[in-house]
Every structure is written in C-alpha cells, then in structure tokens.
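For reference, the structure discussed in these notes is given below.
The values are calculated or read from the model by the stated rules, or taken from the named source; none is laboratory data. Note that the structure is a prediction, hence the values are computed from the model and not measured. Glycine gets a Cβ as well: all are built from the backbone with ideal geometry, and neighbour counts include every protein chain shown. Keep in mind that these areas ignore ligands, DNA and RNA; they rest on the heavy atoms of the full protein, side chains included. Shrake-Rupley method; radii C 1.70, N 1.55, O 1.52, S 1.80 Å.
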Amino acid sequence: MRNYREYFNEKLEEILAQYNTPIWIAEGMQYACLQGGKRIRPQLLFMSLALLGKEIALGLPFALALEMIHSYSLVHDDLPAMDNDEYRRGQLTTHKKFGEANAILIGDALLTNAFSVMVRGSMGKVSSEKILEIVALFSEYAGVDGMIGGQAMDVAYEGKQISYKTLSFIHEHKTGRLLLLPILVACILGDASLEQRKALEIYGRNIGLAFQIKDDILDVEGDFAQMGKAVKSDEKLQKSTYPSIFGLEKSKEMLTESLREARKALEEVFTEEDLQEFLELTEFMEKRTK
C-alpha cells in the first residue's frame, strides 16, 4: 500500500505542475491536493485492478481525477458556509490560505480539470465505450445523485434529530459513493465477472460505511495533533452521527461488523493470498487515528 501511495503522489504532483495560470489558482490546486492525505480512493482502484489481473497504470488517469474531485470536495466542505474549518491535515484550510473566493475557484478548477485528466490520460489506452461509461459514473457519483446529494442533506439536517435511514442516506452518498467509485471503475477496466463485481461492490459499500463510522468516532475520541483538524466539530455543528444516535460502544461494534462483512464478501470469491492488501486495508480502517 505504501508503494501505491508513493507512486500515486509522484504522478499527482506531475499532473498538477502543468497548471500555472493564474498562478494563485495553480498554487492553490497543489496546496489542496499535496498536503498529505491517506489516498485511500486511488489505492482502492489500484488494488482492485491488481486483484483482477490488470496493470495499475491503466487506472492512473482515473485515480488522479478521483483524488482531484475528493480534494475539491474538502476545499468546499471547509468553507465558512459549510463546516467552517480552519485546519485540514495539520495545515490552514485552503480558504484560510488563499481567501474564500479563491478557494471556491480552486475547488471548481480541481473538479472541472479532473474530467480532462481522466479522458486525455486514458485515450488510446482504454476503449471509448469504457471511458464514456466511467465518465458518466464519475458525474453521477460526484453529483446530485452522489456526493453533492449527501452534502446537501447533511447541511439541511444540521441541528435536527434524524432517523437512521436519513443518516444512512447522507453518509452513503456523501462519503460512500466516492469510496465505491474506484472499485466500480476497476471492475469496468478489469472486465470483472458478475460474481467478482458483486463481491467487490459489497466490499466497497461496507468499507464506505466503516470509513464514516470511524470518522464519527474519531471526532469524539481523536485529537488535533493526530488528526490535523478540529475535533468535536460534529457536536459543535449539531450534526447527527453514529455515536450521537447509537452511542460510542455500539458504533464501534457497527464498525467491526461492517469490516467483517467486507472481508467475508471477498473471501467467498477470491483466495486469501490475493486478498492480502484488502485485509491490510480493513485492519487500517479499524485502527486508524486520523
């Protein structure tokens, strides 16, 4: 996993270096993307491709685009009109560094250019049919039927009591869709069988759930030094979370169960030897501190 991350970070830095005008927007794009990050989404894409017997370079343009979209969402999520955060990954948030108006434009630039990165980077290497299918999937999962829809519901229900059904909708869309997306992209690129795709989808959905539950737990138990951002912000914004609805201990049980279901789905289709990276990732999901 570390090798995937090093490879990806090098390529991300290269692709962002091509933008240089206006200089403050170009610098802001680099700032938003290169200040650390777990790179879980690109790693999921690479791991899934490797599991399906494909070279990870095939997925690089899509992995780059995915991280650019994820980074744009964080830039906008940190804005005063949204979560109003001052720190991200231990550094000032983008709007604190470059100003609010520029932060909006930096996020817009990352989102818009992501589609150019994935299309131009894959032309001649991936069939036009597959590129079109993946671009449509990106738009859907990052848009109103995915991340944006989840964010809109998250904002709408701040300070209100919500049901578990509504909480599940928010997090399945706001967080889960962009964690499932790289797996679906790999299935398209890797010509996954129906059985393989079903198993990987179950894994992806459960990993997305686990990631959000762990985020909610860390917002209660974490600290700024480890996480690089403010903690207890959910409580401050009066957001409904897994701990606020189910309590801390039950949330931890739900985290363990979702990861168990993720592992089980893959183990029924793939060999344990092939799943080593996936097993490492599920363990990381449970034990991560930021």
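General observations
- Selected residue [among the basic types (K, R), in a helix (DSSP H, G or I), open to solvent by 50 Å² or more (accessible area, probe 1.4 Å) and closer than 30 Å to S163 by Cβ] from K198, K214, K290: K198
- Flag for A50 being at negative phi, among the aliphatic types (A, V, I, L, M), open to solvent by 20 Å² or more (accessible area, probe 1.4 Å) and touching a residue at least 60 places away in the same chain (Cβ under 8 Å): yes
- Residue-level check: of (1) within 30 Å of L79 (Cβ to Cβ); (2) open to solvent by 40 Å² or more (accessible area, probe 1.4 Å); (3) not charged (D, E, K, R); (4) not in a helix (DSSP H, G or I), T271 misses just (1).
- Residue check, A63 buried (at least 24 other Cβ atoms within 10 Å of the Cβ), in contact (Cβ under 8 Å) with a residue 40 or more places away in the chain and under 20 Å from I104 (Cα atoms): no
- For region 5-47, the tally of residues that are surrounded by 23 or more Cβ atoms within 10 Å (Cβ to Cβ) and aromatic (F, W, Y) stands at 1.
- In the set (1) surrounded by 23 or more Cβ atoms within 10 Å (Cβ to Cβ); (2) modelled with pLDDT of 95 or more, V119 fails one condition alone, (1).
- Residue among S240, S244 that is assigned to a loop (DSSP other than H, G, I, E, B) and more than 17 Å from the chain's Cα centre (by Cα): S240
- Per-region count, region 1-19, residues more than 23 Å from T93 (Cβ to Cβ) and at pLDDT 95 or above: 4
- Matching entry among E140, E133, E129 (being within 24 Å of L58 (Cβ to Cβ), at pLDDT 95 or above and touching a Gly at 6+ places or on another chain (Cβ under 7 Å)): E140
- Residues being surrounded by fewer than 18 Cβ atoms within 10 Å (Cβ to Cβ), part of a helix (DSSP H, G or I) and either at positive phi or touching a helix residue (DSSP H, G or I) at 6+ places or on another chain (Cβ under 9 Å) (or both) - total across region 122-136: 3
- Residue tally, condition touching a residue at least 24 places away in the same chain (Cβ under 8 Å) and either open to solvent by less than 30 Å² (accessible area, probe 1.4 Å) or in a helix (DSSP H, G or I) (or both), over region 149-165: 7
- Taken over region 249-262, residues that are open to solvent by less than 70 Å² (accessible area, probe 1.4 Å) and either free of Cβ contacts under 8 Å to residues at least 24 places away in the same chain or β-branched (V, I, T) (or both) amount to 1.
- Residue check for M47: among the hydrophobic types (A, V, I, L, M, F, W, C), in a helix (DSSP H, G or I), within 19 Å of the chain's Cα centre (by Cα) and farther than 21 Å from E14 by Cα: yes
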